[in-house]
Structure formats: structure tokens, C-alpha cells
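A quick write-up on the structure given underneath.
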Amino acid sequence: MIKMQKIESKETWEAFIGSHKEANFLQSWYWGEFQKSIGKEVEYLGFYNGLTLVGICLVIIEKAKRGTYLTVAGGPILDWSNTELLNGCFESLKTLATEHKASFVRVRPQLVENELSSAIFNKYGFSPAPMHLTADLTSQIDLSRSEEELLEGMRKTTRYEIRKAEKLGVTVSTSLNVDDIDSFYELQLQTSLRQKFVPFSLSFLKEQFRVFVQNNNALLYRTYLGKTLLAEAFIIFYGQEATYHYGASTDDGRKVPGAYLLQWEAIKEAKRRGLSRYNLWGVAKPEQTSHRFYGVSIFKRGFGGQDVAYVPAQDLVIDRLRYSVNYVIELARRKVRKLG
């Protein structure tokens with residue numbers, strides 16, 4: 001019989017997630033600690049078969065003006081073929097949602113999208129969410145290949161831009177200094193005005209970097225031509241995956257290909273750390289030419305990764321009336337933000 005028990009030990013949590021290849025930073029103990037540092041309530045749920053831990057689920061309690069709801073990004077981490085385990089997990093989420101008076105639970109699992117995976121959520125009464133929870137269509141690079149093979153697998157123009165940056169003398173630096181996020185934040189503000197997206201707050205970025213860098217799971221990359229800053233990126237190294245989480249560039253960086261060299265150096269660092277994949281994070285579908293991330297998606301795909309589509313965010317409705325109001329609001333936001 002599967003029983004749910006809240007986990008209070010980082011060591012227990014990390015030992016379990018470390019043994020699963022689909023482990024990702026969004027289900028890490030550290031992501032929960034970051035969420036708590038910015039004032040959110042977090043639940044670390046463990047599922048046991050007797051004394052054996054067989055599944056985990058990091059839950060964030062989101063308290064918005066439109067009402068409370070729960071989110072599970074990049075999880076739960078468990079055996080998706082174990083029906084008893086799935087029953088226990090989803091029933092626990094329903095109970096937790098009721099305790100917090102939440103109108104719904106939103107899940108975006110680390111589960112590749114196909115007929116079988118979609119059927120799981122249909123079976124348990126989930127429905128597609130009107131808004132994404134986190135990137136569900138990603139571009140990922142297999143790091144088992146040699147550096148020469150990785151370069152060969154890139155788009156010709158991407159290889160050219162990397163070599164051009166090297167010939168121009170573009171330099172790449174890395175930082176573990178939390179205070180350096182201040183300049184990244186300022187650069188993100190400039191980029192958001194140019195690309196028309198809502199930037200993250202300084203505290204959000206700084207606290208996130210602080211938590212991950214403490215455990216050697218993050219680096220802030222910068223590229224320069226002489227003393228001129230070109231681009232910056234916040235890279236997370238966790239489990240078997242490195243993730244290009246946030247990036248920003250200067251106007252000068254649009255003329256000199258510093259961002260290309262930055263990604264190449266981060267890819268090589270992930271390989272040196274023995275990771276199995278480099279995740280360039282979210283991309284738009286190739287046919288979504290009006291998507292606001294269409295241009296950056298072309299840039300990301302140039303590095304030769306493969307598109308990996310996870311099951312899109314799914315909602316488990318607890319309170320139908322309150323959920324319907326939220327659904328309309330989020331659907332409108334998705335259209336306004338040109339997110340497909």
C-alpha cells in the first residue's frame with residue numbers, strides 16, 4: 001500500500017532524485033528552498049511502499065489575487081507505470097489542495113508527450129491548462145558526443161558565429177558572486193524592453209542564484225569584446241542536466257556573436273562535469289512564426305539539439321466555479337503575450 005509522508009530531510013530527498021535520470025532542478029530540494037526564500041509555502045511529498053521511498057513530488061502553494069492553486073513543475077518523479085503509486089500521488093494532491101482551499105492543481109511532468117503519457121492524465125481527470133507552467137517544448141543536446149561531434153552537429157551558421165567570436169577575441173568569464181546578479185538584472189530589463197516580455201524581479205533572480213550557487217549548481221556567464229559587455233546567462237547544473245535558464249544581451253551583443261560563444265563554453269563545462277544533456281530550455285514550435293520566442297528558438301536550435309516535448313501543463317480541477325474564472329483570465333493573458 002502506498003502512503004504519503006512529508007519529507008524533512010534534504011539528504012533523503014536528494015538521494016532519491018539523484019538516482020533518476022529525469023531529475024531536474026525544478027524538483028530539487030534547492031528549488032523548494034528558493035521558493036520558500038521568496039515567501040512561498042512549499043511541501044516536499046514522499047510516497048512510500050512500506051519503508052521504501054518510491055516517489056517524490058515538490059509542491060508550491062501559489063496564492064494569487066484570483067485565488068490559491070498548487071503547482072508541480074518538472075514532476076512528480078516516480079514510476080509512471082505503477083498505477084497504485086499514481087493513485088496515491090494524485091489523491092494526495094487532491095487532499096493537499098483541499099487543505100489549502102486551492103481551486104486546482106497544475107502539473108507539468110518530466111514525462112515525454114505521447115499517446116500513453118497523455119492517457120495517464122485523461123484517466124485521472126486532468127485537462128490541458130490554458131497557460132504553461134514551465135517549458136514543455138525544449139531543445140536538448142546529447143553530451144555523450146565528443147566536442148568535435150557536437151560542433152559538427154550544429155547548424156553551419158552557428159559554428160561560423162562561434163569561430164567568428166573566437167577570432168574577434170571575445171572572452172568568456174564566469175561568476176559565483178551573488179552580487180553580480182545586479183548587473184544581470186539591469187541587462188534583463190533592457191532585453192525585456194527590446195523583446196517585449198515581463199522581466200523577473202531582482203530579488204527573484206538573486207535569491208535563486210544564491211540558493212543554487214551555494215551548492216555549486218549555478219554559474220553566471222558573461223562575454224566581452226575588450227571591455228564591452230555582449231551577453232550574460234544564468235546556467236544551472238543539476239542532476240544529469242545543465243539548463244540555460246535565463247539570458248540577456250546588450251545592443252552591442254546583437255552585432256558581435258558573444259552569445260554563441262557563451263553557449264559553447266557552457267556546453268563544454270556541462271560536459272566536463274560529466275552531465276548527459278544540455279537543455280537550452282523552451283522553444284516555440286517551428287511553425288509558430290508569430291510566437292514571441294520564435295527568434296530565440298532559431299538561435300537555440302542552431303546548436304544541434306533535438307526537440308523534446310514533455311506533457312504540457314495539466315490541471316486537476318478542485319473547485320469548478322473558481323477555476324473557470326482563472327481559466328478565462330489565463331487564456332486572455334496567453335493571447336496578449338503571444339505565447340501560441
(request) Quickly work out the Lys227-to-Asn122 label distance, labels modelled 7 Å from Cα along the C-beta direction, and quote it in nm with one decimal. (result) 6.3
(request) Only helical DSSP H runs with n ≥ 4 go in: add -39500 (n - 2.57) per run for the chain, normalise by residue count and round the 222 nm mean residue ellipticity to 500 deg cm²/dmol. (result) -11500 deg cm²/dmol
(request) May I ask you to derive the FRET efficiency for Glu91 and Ser192 from their Cβ-Cβ distance with R0 = 51 Å, giving the value to the nearest 0.05? (result) 0.80
(request) For every other residue with a beta carbon closer than 11 angstrom to the beta carbon of Gln35, add +1 if it is Lys or Arg and -1 if Asp or Glu, then tell me the sum. (result) -3
(message) About the Cα centre, and with charges only on the beta carbon of Lys, Arg (+1) and Asp, Glu (-1), how big is the dipole of the chain? Nearest 20 debye, please.
(response) 1140
(request) Give, in nm to one decimal, the length gained when the segment between Lys101 and Ser290 is fully stretched (0.36 nm per residue of separation minus the Cα-Cα distance). (result) 64.3 nm
(request) Report the local net charge at Ala73: Lys and Arg +1, Asp and Glu -1, summed over other residues whose C-beta lies under 9 Å from its C-beta. (result) +2
(message) Please give the charge dipole size of the stretch 129-172, origin at the Cα centre, charges +1 on K and R Cβ atoms and -1 on D and E Cβ atoms. Round to the nearest 20 debye.
(response) 300
(request) Name the long-range amide H neighbours of Val308: under 5 Å, sequence gap of 5 or more, or other chain; modelled H, no Pro or chain starts. (result) Thr138, Ser139, Gln140
(message) Debye calculation, C-alpha points only, no solvent: report log10 I(q)/I(0) for the chain at q = 0.13, 0.15 Å⁻¹, in the same order as the q values.
(response) -1.06, -1.39
(request) Among Leu316, Gln288, Phe303, flag the residue with its Cα farthest along the positive direction of the charge dipole of the stretch 232-340, charges on Cβ as +1 for Lys/Arg and -1 for Asp/Glu. (result) Gln288
(request) Round to a whole angstrom and tell me the spacing of the C-alpha centers of the stretch 47-119 and the stretch 298-331. (result) 15
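Rounded to the nearest 5, what % of DSSP beta bridges with both residues in the chain are antiparallel?
90
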(message) Quick check for me: using +1 on Lys/Arg Cβ and -1 on Asp/Glu Cβ, what's the dipole size of the stretch 155-292 about its Cα centre, in debye to the nearest 20?
(response) 680
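Would you mind counting up the charge near Val311? Only other residues with Cβ under 9 Å from its Cβ, with Lys and Arg at +1 and Asp and Glu at -1. Write down the numbers at each step before the final one.
Working: positive: Arg108; negative: Glu113, Asp136.
Neighbour charge sum, excluding Val311 itself: -1.
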(message) On a full-extension model of 0.36 nm per residue, what is the gain between Ser37 and Val308, subtracting their alpha-carbon distance, rounded to one decimal in nm?
(response) 94.5 nm
(request) Provide the per-residue ³J(HN,Hα) series for the stretch 222-230, in order, calculated from phi with Karplus coefficients 6.51, -1.76, 1.60 and θ = phi - 60°, each as a whole number of Hz, with x at glycine and proline positions. (result) 9, 10, 9, 10, x, 9, 8, 6, 10
(request) Can you pull the one-decimal nm distance between simple spin-label points at Lys65 and Ser203, each 7 Å off the Cα toward Cβ? (result) 1.8
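Which of the residue pairs Lys206/Lys335; Lys65/Lys335; Lys21/Lys63; Lys3/Lys65 have a Cα-Cα distance greater than 23 Å in the structure shown?
Lys206/Lys335; Lys21/Lys63; Lys3/Lys65
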(request) Distance check, please: which entries in Lys156/Lys255; Lys6/Lys271; Lys167/Lys255; Lys156/Lys227; Lys10/Lys268 exceed 26 angstrom between their Cα atoms? (result) Lys6/Lys271; Lys156/Lys227; Lys10/Lys268
(message) Residues of the stretch 183-199 with backbone nitrogen within less than 16 Å of a virtual label 7 Å along the Cα-to-Cβ line of Asp251, please, listed as ranges.
(response) 187-196
(request) Apply the Karplus parameterisation 6.51 cos²θ - 1.76 cosθ + 1.60, with θ equal to phi minus 60°, to every residue of the stretch 107-114 and state each ³J(HN,Hα) to the nearest whole Hz, in sequence, with x for glycine and proline. (result) 10, 10, x, 8, 9, 4, 6, 7
(message) Give me, ordered by chain and number, the residues 5 or more places off Ile318 or on other chains with an amide H under 5 Å from its own placed amide H.
(response) Phe104, Val105
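No value in this document is a laboratory result; all are computed from the given coordinates. In this text, all values refer to a predicted model and were calculated from it rather than measured experimentally. Reconstructed Cβ throughout: ideal geometry from the backbone, glycine too, with neighbour counts over all protein chains shown.
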